[in-house]
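Shown next, in structure tokens, is the structure this report addresses.
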Amino acid sequence: MNNNQIAPPKLLLGFDFGTRHIGVAIGQTVTQCARPLKTIKAINGLPARETIALLIKQWQPDALVVGIPLNMRGEELSVTSQARHFSLWLHEQFHLPVYEVDERLTTKDAREKLFLSGGYKALQDGQVDSVAAQLILQNWLENIKGGKNTC
């Protein structure tokens with residue numbers, strides 16, 4: 001590799017933005033797999049800075065991926081600008097590349113996945129947001145490698 005090339009990110013944190021909860025997932029480009037990490041509380045879309053800083057320090061990701069909510073026609077919603085603000089805030093605070101990705105249907109898919117694995121009880125454990133973050137990150141990983149994962 002010459003000095004003009006930038007190494008692709010290897011370890012990433014993915015975020016499912018919400019105004020009250022933000023799901024977090026961890027993934028890597030080597031295995032192309034992501035897994036849910038945790039759900040953190042937010043106030044008007046912003047989590048406690050210390051919480052995100054601890055995650056960044058603990059995992060030391062190369063980049064971040066944020067799900068951007070759009071309606072089914074691909075149009076922006078009222079919450080879209082808040083998600084973009086969160087994305088910008090992450091970049092400014094932690095000086096890491098932040099990739100935005102369309103998150104349509106990830107929460108629905110996360111609920112379905114959890115329900116199939118654990119019924120209604122699984123939906124009540126606060127896992128929906130972190131599983132949605134996993135799906136967002138997994139979609140990003142599949143798009144950069146051009147194929148489905150085998151996780």
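If the condition is being surrounded by fewer than 17 Cβ atoms within 10 Å (Cβ to Cβ) and either over 22 Å from residue 78 (Cβ atoms) or free of Cβ contacts under 8 Å to residues at least 12 places away in the same chain (or both), then segment 29-42 contributes 30, 31, 33, 35, 38.
Among the criteria (1) within 12 Å of the chain's Cα centre (by Cα); (2) crowded, with 20+ Cβ neighbours inside 10 Å; (3) not small (Gly, Ala, Ser), the one residue 52 does not fulfil is (1).
Evaluating residue 9 against the criteria (1) farther than 20 Å from residue 143 by Cβ; (2) assigned to a loop (DSSP other than H, G, I, E, B); (3) not aromatic (Phe, Trp, Tyr) leaves one unmet condition, (1). In segment 55-77, of all residues being of a type in the set (D, E, K, R) and either within 15 Å of the chain's Cα centre (by Cα) or under 13 Å from residue 103 (Cβ atoms) (or both), the one that is modelled with the lowest pLDDT corresponds to 76. Tallying residues that are in a strand (DSSP E or B) and either surrounded by fewer than 20 Cβ atoms within 10 Å (Cβ to Cβ) or touching a Leu at 6+ places or on another chain (Cβ under 9 Å) (or both) within segment 60-87 yields 7. In the condition set (1) exposed (fewer than 14 other Cβ atoms within 10 Å of the Cβ); (2) modelled with pLDDT under 90, residue 95 is compliant with all but (2).
If you check 51, 80 for being farther than 24 Å from residue 29 by Cβ, among the β-branched types (Val, Ile, Thr), touching a strand residue (DSSP E or B) at 6+ places or on another chain (Cβ under 8 Å) and at pLDDT 90 or above, only one passes: 51.
The values are calculated or read from the model by the stated rules, or taken from the named source; none is laboratory data. All figures in this text were calculated on a predicted structure; none of them were measured in a lab. As a convention, Cβ positions derive from the backbone with ideal geometry for all residues, glycine included, and neighbour counts pool all protein chains shown.
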